[in-house]
Amino acid sequence: MIQIREITPDDAGKLLQLMHELDHEAEYLLYEPGERPIDVDAMREHIRKLEPPRFGTFFVAETVRAVHPDKPSTRPETDMNTEFAGYLEVRRLPWKRVQHRAFLVIGILKRYGGKGVGTRLMQEVESWARKHGMRRLYLTLIAENEAAAALYRKMGYETEGRHPASMRLGDRYAEELTMGKWLD
């Protein structure tokens, strides 16, 4: 079972672990392996300082599995094994003129790709954004990342801009797209 939820500062270690795993397997995300700082206390403080919804928040897709699926659970808090399958970060700026918008960053582990995790994260964030007065969501992606582009188009995002040679991938440069969606 996968549940979508907003994180708390106590999730900092698991979130960093997920981000580091994504750094190693995801070609199209910003960080390369070894570039992301490993500081759980700093991440915990970053999460705390977001003051949701003021500066944004994080949502995670968390798998929940019984440690002993063949036995009834008497203590669910210790009889369950959890893993973060993906995350979606919502970033906002503090100024009134731009409080209606938020920038999104999403990362999903390959083994959870194609299972609806991205769709569910996006749906949860859109609901949260509407609740907190946001009307525009936007993100960037590498143009050749067809799986991500398909998800965003399915969710109603449209291409708003193209940025040639925006990211270096190995020995080549890749085009980046900006996609956005107006929330009704």
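Computed from the coordinates by the stated procedures, all read-outs in this text should not be read as laboratory data. Given the structure is predicted, the values throughout are model-derived calculations rather than measurements. Cβ sites come from the backbone with ideal geometry, for glycine too, and all protein chains shown count toward neighbours.
Relative to the longest principal axis of the C-alpha atoms of the chain, give the angle of the C-alpha long axis of helix 40-49, reported between 0 and 90° and rounded to the nearest 10°. The angle comes out near 70 degrees. Taking amide H atoms as placed 1.01 Å from N in the peptide plane, the amide H of residue 83 lies under 5 Å from those of 63, each 5 or more residues away in sequence or on another chain. Per the Debye calculation on the range 1-69 with a single equal scatterer at every Cα and no solvent contribution, log₁₀ I(q)/I(0) for q = 0.13, 0.21 Å⁻¹ amounts to -0.45, -1.01. Compared with the direct C-alpha span, the chain from residue 97 to residue 36 gains 18.8 nm at full extension, assuming 0.36 nm per residue.
Could you point to the label whose value was computed as mean projected area of the Cα convex hull in nm² for the structure here, given (1) 13.0; (2) 10.8; (3) 12.0? Here the calculated entry is (3).
Spacing of the modelled spin labels on residue 51 and residue 81, each 7 Å from Cα toward Cβ, amounts to 4.1 nm. Using the rule -39500 (n - 2.57) for each DSSP H run of four or more residues, divided by the residues of the chain, the 222 nm mean residue ellipticity is -8500 deg cm²/dmol. The spacing between the range 1-55 and the range 122-145, judged by their C-alpha centroids, is 18 Å. When the C-alpha to C-alpha distance is required to be over 20 Å, the pairs from 14/110; 49/96; 131/154; 131/181; 115/154; 14/49 that qualify are 131/154. Compute the acute angle (0 to 90°) between the alpha-carbon long axis of helix 12-25 and the principal axis of greatest extent of the alpha-carbon atoms of the chain; round to the nearest 10°. Its long axis makes an angle of about 60 degrees. Principal-axis analysis of the Cα atoms of the chain puts helix 117-131 at an angle of about 70° to the longest axis.
Which of 38, 106 has the fewest other C-beta atoms within 10 Å, and how do the rest follow up to the most?
Values: 38 11, 106 20.
Result, fewest neighbours first: 38, 106.
By the count of other C-beta atoms within 10 Å, a proxy for reagent exposure, 166, 127 are ordered fewest to most as 127, 166.
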